[in-house]
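First comes the structure, then the notes that go with it.
The values are calculated or read from the model by the stated rules, or taken from the named source; none is laboratory data. Small disclaimer: the values here were computed from a predicted structure and weren't measured. Methodologically, a virtual Cβ is constructed for each residue, glycine included, from the backbone with ideal geometry; neighbour enumeration extends over all protein chains shown. Heads up: the accessible areas ignore ligands, DNA and RNA and are worked out on the full protein's heavy atoms, side chains in. Shrake-Rupley method; radii C 1.70, N 1.55, O 1.52, S 1.80 Å.
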Amino acid sequence: MKLLYFAWVRERLGKAEEQLDPPAEVATVGELMAWLAQRDEQYAYAFENAKVIRAAIDRRHVRADAAIAGANEIAFFPPMTGG
């Protein structure tokens with residue numbers, strides 16, 4: 001699946017996107033963030049406060065308990081504020 005990173009998540013990882021195949025036991029957005037955080041120090045830093053990171057599956061905002069099976073694209077971004 002294609003993972004997209006925005007704002008400070010992208011800055012901390014040093015990349016805007018990548019193609020990854022998480023293990024079969026990673027079934028939800030929250031589990032995916034936890035799995036990513038274990039990959040290395042950069043991912044741990046980017047996902048250190050996963051509770052504030054928002055996600056979208058195939059351009060639809062989802063919660064951490066959303067299933068990722070069948071997703072083509074998952075985006076991660078910090079909360080947005082307007083002005």
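Ligands, DNA and RNA left out, the 1.4 Å accessible surface of the chain is 48% carbon and sulfur atoms. Farthest towards the positive end of the charge dipole of the chain, among the residues Met33, Trp8, Ala46, is the Cα of Trp8, using unit charges on the Cβ of Lys, Arg, Asp and Glu.
Suppose all protein chains stay in the model; what accessible area per residue would a 1.4 Å probe give for the chain, in Å²?
For the chain, the solvent-accessible area averages 63 Å² per residue.
Which GluC sites (Glu not before Pro) in the stretch 36-76 pass both tests, a DSSP loop state and at most 13 other beta-carbon atoms within 10 Å? Numbers along the way, then the final one.
Details: sites: Glu41, Glu48, Glu73; in loops: Glu48.
Hits after loop and neighbour filter: Glu48.
Evaluate E = 1/(1 + (r/R0)^6) for Ala24 and His61, where r is the Cβ-Cβ distance and R0 equals 25 Å; express this FRET efficiency to the nearest 0.05. Before the final figure, lay out each step's value.
Values: r = 25 Å, r/R0 = 1.00.
Plugging the Cβ-Cβ distance into 1/(1 + (r/R0)^6) gives 0.50.
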